[in-house]
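The values are calculated or read from the model by the stated rules, or taken from the named source; none is laboratory data. Since the structure is predicted, the reported quantities are computational estimates derived from the model, not experimental observations. Counting neighbours? That spans all protein chains shown, and the Cβs are built from the backbone with ideal geometry, glycine included.
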Amino acid sequence: MAHRKGIFSPGTAVALPAVVLGALMLAGAVFVSNQVVAQRLRVAALEDRRDCMEAEGADLRADWNHASSAVVIRERAGREIGLQDPADPSLVLARLIPGRPDRPGVLDRILELGGPDALQAAETKVPQGPAPRAAKPQLPDSWSRP
């Protein structure tokens, strides 16, 4: 059998590692390029999601502005609790929280005295502290225990 000389020459020894290194670098570049494309797709999906959320937020703000408008609130208050708009817009009726019985508030005194004409009288009729307690009744000496 004949053996050939020179199959593995010094030029082949340098070219073979260079080709392998070039192939590895090309494979690495393809991998990095694929990763960059995947990250760009994720960023694009996140931007689309952000745009969608901004649009939904704008819709919610529009719904909130509509629901909190004065016309809608008056209509809903009339429908749900029977509130009516007064003919005179300067007159406002308010539901009062009951005050303490020993110290009524100014509005309770106004209502007690007869309406808005009695405002001056109500402001001057301010009770000073709680009402005094009644003295304990004294038992006659004949009822005392022996």
* Any chance the range 41-62 includes a residue that's surrounded by 10 or more Cβ atoms within 10 Å (Cβ to Cβ) and touching a helix residue (DSSP H, G or I) at 6+ places or on another chain (Cβ under 8 Å)? -> no
* Structure fact -> Of ALA27, ALA23, ALA45, ALA15, the only residue that is under 47 Å from the mean Cα position of the chain (by Cα) and part of a helix (DSSP H, G or I) is ALA45
* Among the candidates VAL14, VAL92, VAL106, VAL30, residue that is of a type in the set (Val, Ile, Thr) and at pLDDT 90 or above -> VAL30
